[in-house]
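First comes the structure, then the notes that go with it.
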Amino acid sequence: MNETLSILTLCTILIATLFLDSYQKRRRLQALIPPSHNALPFIGNALSIPALSPWKTFHAWSKELDSELISVWAFGQLTIIIDSAKATRELLSHRSANYVDRPRIPMLDLSGWTDTVTSLMPYGDTWRSHRRILHRQFNISIVSGFKSTQEAQIKPFLTKLYTTPEEFARHVQHFTSSLALMVAYGYQIADEEDELSTMAFEAVEAISKATFPGAVAVNTFPSLRNLPEWFPGAGFHTYAKTSRKMLEDLRNRPFDMVKELMAQGKALPSITRTLLEEPNILSPHDEERIREVASMVYLAGAETTFSAIKTMIMAFALNPEAQRRARVEIDTVTARERLPTLDDQDVLPYVQAIVREALRWIPILPLGVIRSSISGDIYNGKIIPAGTTIFWNAWAITHDPDVYPDPDAFRPERFLDADGHLVPDDEKAVFGYGRRECVGMHFAKNTLFNAAASMLALFEFGKAKDDDGNEIEITVGCTDALVSHPTDFKCSIRPRDEIAVQALQGIGSLA
Ligand code: HEM
């Protein structure tokens, strides 16, 4: 008995010493790294990070601590959030080589995503070859090659907005999926039931869910991944299996279809076909890269663009003056004899400003995309340890009142000078920094311009009315996932007038 007691006492002393030791080490480290907000021993800030709009809380902490960088602790794990444009630019752009990495997230590892999805991939040869291929397809001097596809794919979307405007969100989703699938695979979605059309959305949701309660434990304590599947609480294995299958489908199904059509000589132009036709594609390894890159185009392009178009529709419904001003500009250029095209961009600065303002107003990735430091670094006298997980607070940067006065208001004119010309703006908070900046940004901006200009040329947006004729208010809010978008809302979408009705009815024949 006494022996058992003394073993127990010894164990308690040992655990207490280890705990104290790690606590003291953390205390010492905390004095050197960016400040944290009331981090408790062991759990850190885990209980005070809200599920809703955490970026707003991080920004409030940064203001309270008067620090551009803050440390957030959860169960001994350190994350640094960069809260200012200046610090983000300095670290992620100017010192890009040190922050080009992404951390390995155990739950995504288990699901097989880390080594195949460009945006989640650690720095290394595979990532470099993905970037090389993607850059060749999407660099600014090449993207004009997609114009005709972008302009063709918008037409069925406009027709659907006309016939069933109340289902606008579904139509936007269908449009952005169709465009991404057409560009990546030359695949034309048959109808809204087509399984391929929702695959990218399901996959992005799965990535977001990698932080669901069961998964968080694995992310925080990676050794839990060794628990057997039957073990209570090891439900993350089931999740991992499902999302692994989802990833395989995403990579293989549309790709195999293109190969089959190519063999029959029937494949439409697409990135996959172009890459497979290159003479240097020799090995299964090369083919694997093409599979991954093509699925990335679909994965990265569909939901981000969906989110931005939904934001624009919300902004239009709330801002009749912005609509009016855009229409004057568009009508002057088209004389209402045709739809605006991507070649009109330079003469439609207000529409371009609308796109920028939508991306600023509700940022699609409010905390950017996760990064990690390769070596230790110092910023403003504070240490950023090697291997630290890092986020940039895109929401805080795009809502800085010193740069964007009245930041919650939707005001496209903030991007125009007194002569109505676009002013230079740093879009990096929205599209990313340095070597990891978004590969598809020029393509995405073209899609958004095309959508904004065509919708405004034809439709009038406003608040919906209830059965008693009262306006239904629109609450401006956004979802709290990795890719955030406006929460659901109702609005009225009607053709502007008889000319617009005529144009919509004959849209197939419009130039
Ligand atoms: C409005 C739409 C879009 C927004 C706001 C957006 C934003 C972003 C952001 C913030 C990142 C992370 C950059 C970083 O870590 O510095 C990113 C990465 C990426 N984006 Fe986009 N994106 C959009 C559309 C697209 C499209 C249409 C494509 C299609 C080609 C695309 C392809 C990628 C890829 C491949 C990466 C990974 C880059 C890497 O990790 O090296 N994106 N995007």
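Descriptive notes on the structure:
- In the condition set (1) within 11 Å of the ligand (Cβ to nearest atom); (2) more than 30 Å from residue 372 (Cβ to Cβ); (3) part of a loop (DSSP other than H, G, I, E, B), residue 446 is compliant with all but (3).
- Residue list for segment 281-296, filter: part of a loop (DSSP other than H, G, I, E, B) and closer than 17 Å to residue 131 by Cα: 281
- Members of segment 461-511 found to be of a type in the set (Val, Ile, Thr) and either crowded, with 16+ Cβ neighbours inside 10 Å or within 30 Å of residue 360 (Cβ to Cβ) (or both), listed by number: 472, 474, 475, 476, 479, 483, 487, 493, 507
- Unmet criterion (only one of (1) within 16 Å of the ligand (Cβ to nearest atom); (2) buried (at least 21 other Cβ atoms within 10 Å of the Cβ); (3) not in a loop (DSSP other than H, G, I, E, B)) for residue 439: (3)
- The residue that is nearest to residue 362 (Cα to Cα), among those in segment 275-305 that are more than 9 Å from the ligand (Cβ to nearest atom) and hydrophobic (A, V, I, L, M, F, W, C), is 294.
- The condition (being away from the ligand (no atom under 13 Å from the Cβ), among the charged types (D, E, K, R), surrounded by fewer than 18 Cβ atoms within 10 Å (Cβ to Cβ) and touching a residue at least 60 places away in the same chain (Cβ under 8 Å)) is satisfied by just one residue among 90, 167, 151: 90.
- Residues that are under 24 Å from residue 99 (Cα atoms) and assigned to a strand (DSSP E or B) within segment 37-82 comprise 69, 70, 71, 72, 73, 74, 77, 78, 79, 80, 81, 82, listed in sequence order.
- From 152, 169, residue being at pLDDT 95 or above and not β-branched (Val, Ile, Thr): 169
- Taking first residues from segment 36-58 that are in contact (Cβ under 8 Å) with a residue 12 or more places away in the chain and partners that are of a type in the set (Ser, Thr, Tyr) and surrounded by 15 or more Cβ atoms within 10 Å (Cβ to Cβ), the Cβ contacts under 7 Å between residues at least 6 apart in sequence or on separate chains come to 36/71; 45/36; 49/57.
- Residue 119, sole failed condition from (1) over 24 Å from residue 379 (Cβ atoms); (2) without any contact (Cβ under 8 Å) to a residue 60 or more places away in the chain; (3) surrounded by fewer than 20 Cβ atoms within 10 Å (Cβ to Cβ): (2)
- So residue 235, is it within 15 Å of the ligand (Cβ to nearest atom) and at pLDDT below 95: no
- Tally of residues being buried (at least 17 other Cβ atoms within 10 Å of the Cβ) and not polar (S, T, N, Q) across segment 270-291: 7
- Failed item, numbered, when residue 267 is tested on (1) buried (at least 18 other Cβ atoms within 10 Å of the Cβ); (2) more than 26 Å from the chain's Cα centre (by Cα); (3) farther than 16 Å from residue 188 by Cα: (3)
- Single condition residue 272 does not satisfy, out of (1) at pLDDT 90 or above; (2) more than 11 Å from the ligand (Cβ to nearest atom); (3) within 15 Å of residue 197 (Cα to Cα): (3)
- Residues that are within 21 Å of residue 484 (Cβ to Cβ), within 12 Å of the ligand (Cβ to nearest atom) and either touching a strand residue (DSSP E or B) at 6+ places or on another chain (Cβ under 7 Å) or of a type in the set (Gly, Ala, Ser) (or both), drawn from segment 358-407: 358, 362, 367, 368, 370, 371, 390, 391, 392, 394
- Restricting segment 393-425 to residues that are over 28 Å from residue 70 (Cβ atoms) and of a type outside the set (A, V, I, L, M, F, W, C), the residue that is farthest from the chain's Cα centre (by Cα) is 419.
- Members of segment 328-349 that are in a helix (DSSP H, G or I) and either under 19 Å from residue 496 (Cα atoms) or touching a strand residue (DSSP E or B) at 6+ places or on another chain (Cβ under 6 Å) (or both): 328, 329, 330, 331, 332, 333, 334, 349
- Taking residues in segment 402-428 that are closer than 16 Å to residue 322 by Cβ, and partners anywhere that are within 16 Å of the ligand (Cβ to nearest atom) and part of a strand (DSSP E or B), not one pair has Cβ atoms closer than 9 Å while being at least 6 places apart or on different chains.
- Of all residues making up segment 96-125, the number that are more than 11 Å from residue 370 (Cα to Cα) and away from the ligand (no atom under 11 Å from the Cβ): 15
- Residues that are over 22 Å from residue 169 (Cβ atoms) and in a loop (DSSP other than H, G, I, E, B) within segment 471-511 comprise 497, 506, 510, 511, listed in sequence order.
- Enumeration of residues in segment 425-436 that are assigned to a helix (DSSP H, G or I) and either more than 6 Å from the ligand (Cβ to nearest atom) or among the hydroxyl-bearing types (Ser, Thr, Tyr) (or both): 428, 429, 434, 435
The values are calculated or read from the model by the stated rules, or taken from the named source; none is laboratory data. Every value quoted in this text rests on a predicted model; they were computed, and no experiment measured them. All Cβ positions, even for glycine, are placed from backbone atoms using ideal geometry, and neighbour counts span all protein chains on display.
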